[in-house]
Amino acid sequence: MFNQRVKIKQLLSGTDAKSAVGSEVVVMGWVRTFRNNQFIALNDGSTNNNVQIVASLGEFNEAILKRITTGASIKATGVVVESLGKGQTVEVKATKIEILGDSDAEKYPLQPKKHSLEFLREKAHLRFRTNTFGSVFRIRHSLAFAVHQFFNDRGFLYLHTPIITSSDAEGAGEMFRVTTLPLEGAAKNEAGEIDFTQDFFGKSTNLTVSGQLEGELGAMAFSDIYTFGPTFRAENSNTTRHLAEFWMIEPEVAFNDLEDNMNLAEDFIKHLIDYVMKHNQDDLAFLDSRLAEEEKQLPTEKRSGLGLVEKLKFVLENGFERITYTEAIDILLNSNHYKKKKFTYDVKWGIDLQSEHERYLVEQHFKKPVIVTGYPAAIKAFYMRMNDGCEAGKETVAAMDILAPGIGEIVGGSQREERLDKLEARMNEMHIPLEEMSYYLDTRRFGSVPHAGFGLGFERMVQFVTGMTNIRDVIAFARTPKNCEY
RNA sequence: UCCUCCUUAGCUCAGUUGGUUAGAGCAUCUGACUGUUAAUCAGAGGGUCGUCUGUUCAAGUCAGACAGGGGGAGCCA
């Protein structure tokens, strides 16, 4: 057996470290730096912290030492000793060092210094080896685990909704077509259009933009379900908050109303933060200090004031602000910001809230996450439940968006329209073909119940917890317009 | 898709009102030193200044087009 190593995280962890002193260990990993021709900072990705391997002078031949370069992989055998130097409590005094894989120092792109995120983005296959991305992706892993833990503990069923779908009724965005038809010379029908009956599925198909509709079907049998999978949008969005391929979590719960839905979403987000704060302290501490350093470069008025860990703690300890859309509009209209005409987009009842409006509410007015409910029906999707007793022309739906500082919309959800007649009327109004959605309407025909759900953009959550400002830096290999490397 | 900024050594960046041989730190190589923490010291190599076109006696510097990237907006998660 080759692998009898101890993971660096375990080797360095408080109680284990002391008790290991005097014992022989094998560690394997990649060289971060080699200082003074004696001290190897070795990392294996289990933690942000490096273990220091000491190659005492004169005990190793030059040929081996020359090959200990940044990026090289080594296997070191040695004895755990209390460190003579500062900066670490224990270190490994090497008795044997084997080079597993050389790394030409002249060609290896990563250096023991700060690189720009833009540069590292172009070296996406190597950036995992940096402190920043190491921490980001360990936290991403923890968040994914915490998602399943949260729902599993609450008796939710993890429903795998399809990635290829034929439904295009939700209108959540532009879709990627899935086809095996040839690009040129595809069969045409009598009308001169491409004949999709000749296609693999016998109809036009796309990559999913949301698992919600299928999720609702599951909730109508299992009561509580969630999905967690990749989602695709072919929108030409070039921003720090959008990806063409991203991961989304969509719980759907029978018998929940909008308030239950909000409570679930708030508990969920807090659970995710809590889990990471308990399990990724080193990573958060590193990202915290990284952000603090970055903030120092900013002019005072642009600084956020709260450190990353402070921010997460604050969110954990305080309730999310809950306001209606109508209240939000009033707050905006009464703000000095509005009176001084500082908004680019006008504010009046009926508009969709613009980024600048959301940012004002979250970052200036409330300074905490805000849940906005009761949006105008005209700007929301067909499946959202119509609120009763609305003034004519001011119909609202039981929608809710959670807005987070620095990210904007992190959750979008609603109580669904469970009344068949109302749902059909709404679909007709919005020109959604009832026949194609017959399977969906069946849930309202046979034992319909009030139910609600929401979607949380996983990458946006990772952004929020890590403080990374560009969404391309929280997914391993980002897919964005004109960019599908690796 | 729109607005805006950027592109100079492997990396991060400087480069004056257009002017002769384009600079620094880190990295690399050579040597010295040796309990270092992005080690230090001395020296060396390394650039068709994003691409193309134009203005000019002369372009890294001015203008235009294109490409790539950043930030913002829209669409949304």
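Data table
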quantity: Scope the range A:166-207; condition in contact (Cβ under 8 Å) with a residue 24 or more places away in the chain and over 21 Å from A:Glu435 (Cβ atoms); matching residues; calculated: A:Gly173, A:Glu174, A:Phe176, A:Arg177, A:Val178, A:Thr179, A:Leu207
quantity: In the range A:224-246, residue nearest to the chain's Cα centre (by Cα) [restricted to those that are part of a strand (DSSP E or B) and within 8 Å of RNA strand B (Cβ to nearest atom)]; calculated: A:Phe246
quantity: All positions within the range A:466-486 that are exposed (fewer than 15 other Cβ atoms within 10 Å of the Cβ) and within 15 Å of A:Leu287 (Cα to Cα); calculated: A:Asn470
quantity: Unique match (being more than 9 Å from RNA strand B (Cβ to nearest atom), modelled with pLDDT under 90 and surrounded by 15 or more Cβ atoms within 10 Å (Cβ to Cβ)) among A:Ser167, A:Ser135; calculated: A:Ser167
quantity: Among the candidates A:Val276, A:Val253, residue that is buried (at least 18 other Cβ atoms within 10 Å of the Cβ), more than 14 Å from RNA strand B (Cβ to nearest atom), of a type outside the set (Ser, Thr, Tyr) and not in a helix (DSSP H, G or I); calculated: A:Val253
quantity: Residues that are within 13 Å of RNA strand B (Cβ to nearest atom), within 16 Å of A:Gly101 (Cα to Cα) and at pLDDT 90 or above, drawn from the range A:42-64; calculated: A:Leu42, A:Asn43
quantity: Candidate set: the range A:91-127, residues that are surrounded by 14 or more Cβ atoms within 10 Å (Cβ to Cβ) and in a helix (DSSP H, G or I); chosen: the one farthest from RNA strand B (Cβ to nearest atom); calculated: A:Arg127
quantity: Pairs with Cβ under 7 Å, 6+ apart, first in the range A:102-115 and under 18 Å from A:Gly29 (Cα atoms), second in a loop (DSSP other than H, G, I, E, B) and near RNA strand B (Cβ under 8 Å from one of its atoms); calculated: A:Ser103/A:Thr69; A:Ser103/A:Thr70; A:Ala105/A:Thr69; A:Ala105/A:Thr70; A:Tyr108/A:Thr70; A:Leu110/A:Thr70; A:Gln111/A:Thr70; A:Pro112/A:Thr70
quantity: A:Pro481 being in contact (Cβ under 8 Å) with a residue 60 or more places away in the chain and under 27 Å from A:Ala328 (Cα atoms); calculated: no
quantity: Residue match in the range A:192-206 (condition: within 16 Å of RNA strand B (Cβ to nearest atom) and either of a type in the set (A, V, I, L, M, F, W, C) or outside any strand (DSSP E or B) (or both)); calculated: no
quantity: Filtered residue count, the range A:341-379, keeping only those that are farther than 29 Å from A:Ile269 by Cα, modelled with pLDDT of 90 or more and either more than 13 Å from RNA strand B (Cβ to nearest atom) or surrounded by 18 or more Cβ atoms within 10 Å (Cβ to Cβ) (or both); calculated: 3
quantity: Residue list for the range A:190-203, restricted to those being touching a helix residue (DSSP H, G or I) at 6+ places or on another chain (Cβ under 8 Å) and open to solvent by 40 Å² or more (accessible area, probe 1.4 Å); calculated: A:Lys203
quantity: Exclusive hit being assigned to a loop (DSSP other than H, G, I, E, B) and either among the hydrophobic types (A, V, I, L, M, F, W, C) or surrounded by 14 or more Cβ atoms within 10 Å (Cβ to Cβ) (or both), set A:Leu306, A:Leu284; calculated: A:Leu306
quantity: Tally of residues being in contact (Cβ under 8 Å) with a residue 24 or more places away in the chain and over 33 Å from the mean Cα position of the chain (by Cα) across the range A:4-26; calculated: 9
quantity: Every residue from the range A:383-403 that is away from RNA strand B (no atom under 16 Å from the Cβ), within 14 Å of A:Thr326 (Cβ to Cβ) and not acidic (Asp, Glu); calculated: A:Asn387, A:Gly389, A:Cys390, A:Gly393, A:Lys394, A:Thr396
quantity: Set A:Ser103, A:Ser116, A:Ser73, A:Ser167: member being within 30 Å of A:Ala219 (Cβ to Cβ) and of a type outside the set (Phe, Trp, Tyr); calculated: A:Ser167
quantity: Subset of the range A:208-230 [without any contact (Cβ under 8 Å) to a residue 60 or more places away in the chain and either surrounded by fewer than 16 Cβ atoms within 10 Å (Cβ to Cβ) or touching a Pro at 6+ places or on another chain (Cβ under 9 Å) (or both)]; calculated: A:Thr208, A:Gly211, A:Glu214, A:Ala221
quantity: Helices (runs of 4 or more DSSP H) contained in the range A:323-400 and holding at least 1 residues touching a Gly at 6+ places or on another chain (Cβ under 9 Å); calculated: A:325-333, A:355-359
quantity: Elements of type strands (runs of 3 or more DSSP E) in the range A:11-79, at least 2 residues being touching a strand residue (DSSP E or B) at 6+ places or on another chain (Cβ under 7 Å), of a type in the set (D, E, K, R) and open to solvent by 10 Å² or more (accessible area, probe 1.4 Å); calculated: A:24-35
quantity: Among (1) over 20 Å from A:Val309 (Cβ atoms); (2) in contact with a helix residue (DSSP H, G or I) (Cβ under 8 Å, 6 or more places away or on another chain) - the single one A:Leu287 does not satisfy; calculated: (1)
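The values are calculated or read from the model by the stated rules, or taken from the named source; none is laboratory data. Please read these numbers as outputs of a predicted model, since none were measured by experiment. Heads up, the Cβs are rebuilt from the backbone with ideal geometry, glycines too, and the neighbour counts pull from every protein chain shown. For the accessible areas, the whole protein counts, side chains as well, though only heavy atoms, and no ligand, DNA or RNA atoms are used. Shrake-Rupley method; radii C 1.70, N 1.55, O 1.52, S 1.80 Å.
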